[in-house]
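> Below is the structure I would like to discuss, written out as structure tokens.
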Amino acid sequence: MNEIAEFVALVLPAMVPFVLAAQGTVLSGRAGVFNVSQEGLMVLGAAVGFLVSYSVGSNAVGVFVAAAVAGLFGLILGVMTTNWRLDQFIVGLALYFAALGLASLLYRVAVGTTLEPPLIPTLESYPIPLLSKIPYLGEMFFDHDLLVYTAFVLSGLLFWFMYRTNAGLRFRACGENPRSADSLGVNVARTRIVASVLGASLVGVAGAYLPMVYTGTFTEGMVAGRGWLVIALAFLGGWRPQYILAGAAFFAGMEVLALRAQVAGIGIPHQFVLMLPYIATLVVMMFAFRWARQPRFLGQNYDRESRLAG
Amino acid sequence: MSQSAPRLSMRGIVKEFGPVRALDRAELEVAPREIHGLLGGNGAGKTTLMNVLYGLYRADAGTIAIDGAEVVIASPKDAIDAGVGMVHQSFLQIDSYTVTENIVLGTKLPGPAWRLDLSDPREQVAELSSRFGLHVDPEAIVEDLPVGVRQRVEILKALYRGVGTLILDEPTTNLTPGEVDELFRSMRTMVDEGLSVILITHKIRETMAACDRMTVMRDGRRIATVRREETDAEALAAIMVGRDIDEGVPEAAVIATGVVEDLENVADVVESAEPLRPDPVDSGAVRIEDLRVRNDHGVEAVRGLSLSMSRGEILGVAGVAGNGQVEFAEAVAGVRQPESGRVSIRGTDLVGRPTREWLAAKVAYVPEDRDGDGVLPTMTVAENLVLGSQRSADIRRGGLIDWKAARQKAAEAIATYSIRANGPNALAGDLSGGNIQRVILARAFAHEPSLLILHNPTRGLDLRSTQFVYEQVHAATAAGCSVLLLSEDLDELVALSDRLVTIYNGEFVGEWARGAVDQVAVGQSMAGVGVER
């Protein structure tokens, strides 16, 4: 029992980057903007978040600046694909490289190469009064840092917004059939740009979380492919916030498991465990057709005067 | 017509797509409480004009006034605010939403912003639905609904927004005759309740049945606006086709101008267009023996068909859709591998041979699904025309395609076949239906086919384009091409075919020689009357 509680308590923080980045991906995607620059944006978010909290001395400020910088990349993606109708995949890929380069550059300029890398304090945990005192459950769910709670609350809000409000109805319409949405007076371009900015911001926060929770330092490889996994996670979760949570739990669980396998030295190579999320995604995409539905106009730009689409 | 200001007045509307002038100072005036027909051929500018009115296209010049007040319509939102609603040919619906969700999308709703409450709108939709006779279940998911019902959803969308002017773009194309009557009744109810309805169509019979007045458009201009009582089908047809022959109009149109007796009757169109052609000779130019083909679901759809055709013969195949026509056409065209049987053209057995050999045997196929199977919509007209002749010596240089020559040829085809397009580099998907068919025909005829397979070649085409297709078919037969014509239009089949067979459940069930066709008997045969099981 104790071991399970310990495992769950480790999995929850490990879920945060997945949840935040994947919900950001879903947020953009449901409006029709398919962002593929997550990996880069997470590295950039990590670098910016780290450097700002190091120089200002506040993790909160670091998180916000990381969100703003990643949001700027989202703005570029949004404007380039909706106003100029450039290919979403190509722009996303370019932004991935740009963000990656910018992250290393910023760190080199600000820190340089040192034998003793600078450290920031990791996030404190905020045990929730009363709830955290419940045996086992308290340790598992109610004794974490603020971003853990935020990630979950945010997922709930996103679900509510998309499925339980009139604005959400209009919002999803932009990804399902932009021509229809446009013909009914929905501002497709604005919706998509806003979604792209907010979605990218969340991805940035997901990146900033990494140096703040694990090591307190920044390294270029610290995102370690999570950004690419997040794209798989969006598909695995059928682009629906509620299932993203479940998928993130699975991905984070595998990550923790792989780490343990490495430490404990059990028979299974940890690389194999790390492969499992990808294989799971493929399996789901192959067999669960109804489940694996995606916004119909995901990644497709909308041109009002073209007869081709819609 | 009435003393008050017109409901809608469009003046001097110009819209250009590159060098093509789609609307050339177009005019339209619609009175309150009237059903106004907007009539014209493919590419006459009807839909373009209405897209301008609905804010989907931005006009280069011109003014729009509604109820006497000038309005600026730059987006569909402006149009909705001005009380204009439009039902498009392809429905603009979110497939995964319910009927009610589709209808309320984009509107303000009662209740707090943070809570979506659809109970009131649902009642409203039900109320509108019964008031206008547009029956639909407000809770149904749209993608599960048949076309006729989805169209009602589209109309309800406009009515829910309280439109004063409703545009219907070719609404009857996919409806059954019964549904068409229902639609026309609903339109009358709308007019009785104070709306104005604009009906875009190229079917003269429809406007005569449903409209109070009609405006005829041609080449992006208004030719005439007439009241129903003051005109008849013949006069409208004459205006629509255009008696005057301006430059660029194909010969088919010249011939069509002589046809005014009854333009709804395809047979007459053909009769007047029929050139002298040699009697069919050389029986056995095309031989099909015991052909068996499975459909996509693995069911045997063609069950042992045999036939023999001579050079220059047109063989008509009549049948209700879904009796194996698609599979038969595809197998004979070499697109679908048959289970068994032989297809031989001028002595060459082709079943099982690679596509290259089918092309070398000069088989050309004009499929039923133009947009899906006929062209590559995201490629240019020139590229589409090259398909299949990429190995032709005319457009090759050093093992590569000589695009300059290909574009040159495309430009020639655009002129010869009167394709309305922005030159060889226009995207095929941007063309209208009639023009896409012209591209497909141009490509088919470029092969100088010895077997031409046509499947519903004139469906959805206007008179001039239909006429054009018939002309081309006759030109091909005169050159010795055998034509296999599969169609659901019996008039067309009777008029064109040298021999008519009926297909039912994958088998030929009747045969008639030209001039001996009993339409009643053909109809019964198509329906499987007299066939066992």
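> Need at least 1 residues that are over 27 Å from the mean Cα position of the chain (by Cα) per element, so show me which strands (runs of 3 or more DSSP E) inside segment B:445-533 make the cut, counting only ones lying wholly within it.
Counting at least 1 such residues, we get B:507-513.
> A:S201 is checked against (1) closer than 30 Å to A:S58 by Cα; (2) among the hydroxyl-bearing types (S, T, Y); (3) within 14 Å of chain B (Cβ to nearest Cβ) and fails just one. What number does that condition carry?
Of the numbered conditions (1) closer than 30 Å to A:S58 by Cα; (2) among the hydroxyl-bearing types (S, T, Y); (3) within 14 Å of chain B (Cβ to nearest Cβ), the odd one out for A:S201 is (3).
> Now, a different point. Working carefully through the options B:G148, B:G194, B:G162, find the one that is part of a helix (DSSP H, G or I) and more than 13 Å from every other protein chain (Cβ to nearest Cβ).
Just a single option satisfies the conditions, and that option is B:G148.
> So for segment B:12-23 (the condition being modelled with pLDDT of 95 or more and buried (at least 21 other Cβ atoms within 10 Å of the Cβ)), does at least one residue qualify?
Yes, segment B:12-23 contains a residue that is modelled with pLDDT of 95 or more and buried (at least 21 other Cβ atoms within 10 Å of the Cβ).
> What number of residues within segment B:75-84 satisfy the criterion of being within 11 Å of chain A (Cβ to nearest Cβ) and surrounded by fewer than 21 Cβ atoms within 10 Å (Cβ to Cβ)?
4
> Residues being among the hydrophobic types (A, V, I, L, M, F, W, C) and in a loop (DSSP other than H, G, I, E, B): count how many of those fall in segment B:80-94.
Number satisfying all stated conditions: 4.
> I want to confirm something. Restricting to segment B:479-533 and keeping residues that are touching a helix residue (DSSP H, G or I) at 6+ places or on another chain (Cβ under 8 Å) and of a type in the set (S, T, Y), which single residue is modelled with the highest pLDDT?
B:T502
> A further question on this structure: Filter segment B:408-444 for residues that are at positive phi and either within 14 Å of another protein chain (Cβ to nearest Cβ) or among the polar types (S, T, N, Q) (or both) and give the result.
Of everything in segment B:408-444, just one residue is at positive phi and either within 14 Å of another protein chain (Cβ to nearest Cβ) or among the polar types (S, T, N, Q) (or both), namely B:S418.
> Any idea which of (1) within 14 Å of another protein chain (Cβ to nearest Cβ); (2) farther than 24 Å from B:V30 by Cα; (3) surrounded by fewer than 17 Cβ atoms within 10 Å (Cβ to Cβ) is the one B:Q93 doesn't satisfy?
With respect to (1) within 14 Å of another protein chain (Cβ to nearest Cβ); (2) farther than 24 Å from B:V30 by Cα; (3) surrounded by fewer than 17 Cβ atoms within 10 Å (Cβ to Cβ), B:Q93 is out only on (3).
> Anything in segment A:169-190 that is at the interface with chain B (Cβ under 7 Å from one of its Cβ atoms) and either within 11 Å of B:E101 (Cβ to Cβ) or outside any helix (DSSP H, G or I) (or both)? List them, or say none.
Within segment A:169-190, A:L169, A:R170, A:A173, A:E176, A:N177, A:L184, A:G185, A:V186 qualify.
> Does B:V87 qualify as being buried (at least 20 other Cβ atoms within 10 Å of the Cβ) and either touching a strand residue (DSSP E or B) at 6+ places or on another chain (Cβ under 6 Å) or more than 28 Å from B:Q437 (Cα to Cα) (or both)?
yes
> Can you pull out every residue in segment A:257-310 that is aliphatic (A, V, I, L, M), within 15 Å of A:A232 (Cα to Cα), part of a loop (DSSP other than H, G, I, E, B) and modelled with pLDDT under 80?
Across segment A:257-310, the qualifying residues are A:A288, A:A292.
> Separate question: What's the number of the only condition in (1) part of a strand (DSSP E or B); (2) of a type outside the set (V, I, T); (3) in contact with a helix residue (DSSP H, G or I) (Cβ under 9 Å, 6 or more places away or on another chain) that B:M309 fails to meet?
(3)
> Of the conditions (1) over 20 Å from B:L168 (Cβ atoms); (2) within 10 Å of another protein chain (Cβ to nearest Cβ); (3) under 29 Å from the mean Cα position of the chain (by Cα); (4) not polar (S, T, N, Q), B:E101 clears all except one; give me its number.
For B:E101, the exception is condition (3).
> Just one of B:G45, B:G62, B:G68 is more than 13 Å from every other protein chain (Cβ to nearest Cβ), modelled with pLDDT under 90 and closer than 19 Å to B:R11 by Cα; which is it?
Sole residue among the options that is more than 13 Å from every other protein chain (Cβ to nearest Cβ), modelled with pLDDT under 90 and closer than 19 Å to B:R11 by Cα: B:G45.
> Only one residue in B:G334, B:G324, B:G341, B:G319 is more than 21 Å from B:A478 (Cα to Cα), buried (at least 17 other Cβ atoms within 10 Å of the Cβ), touching a Lys or Arg at 6+ places or on another chain (Cβ under 6 Å) and not charged (D, E, K, R). Which one?
B:G341
> Let me ask another. Those residues that are buried (at least 16 other Cβ atoms within 10 Å of the Cβ), part of a loop (DSSP other than H, G, I, E, B) and within 14 Å of another protein chain (Cβ to nearest Cβ), I need them from segment B:349-407; list them, please.
B:V375, B:P377
> Turning to a different aspect of this structure: Could you tell me how many of the residues in segment B:185-194 are closer than 12 Å to B:R152 by Cα and out of contact with any strand residue (DSSP E or B) (no Cβ under 7 Å at 6 or more places or on another chain)?
1
> Considering only segment B:119-135, I want to know if a residue exists there that is within 9 Å of chain A (Cβ to nearest Cβ) and either part of a helix (DSSP H, G or I) or of a type in the set (S, T, N, Q) (or both).
no
> Do the conditions hold for B:R7, that is, is it surrounded by fewer than 23 Cβ atoms within 10 Å (Cβ to Cβ) and either within 14 Å of chain A (Cβ to nearest Cβ) or more than 24 Å from A:N187 (Cα to Cα) (or both)?
no
> Let me ask you something else. Quickly run through segment B:16-54 and pick out the residues that are β-branched (V, I, T) and in contact with a helix residue (DSSP H, G or I) (Cβ under 9 Å, 6 or more places away or on another chain).
B:I35
The values are calculated or read from the model by the stated rules, or taken from the named source; none is laboratory data. Quick caveat: nothing in here was measured; it's all calculated off a predicted structure. Quick reminder, even Gly has a Cβ in these numbers, built from the backbone with ideal geometry, and neighbours come from all protein chains shown.
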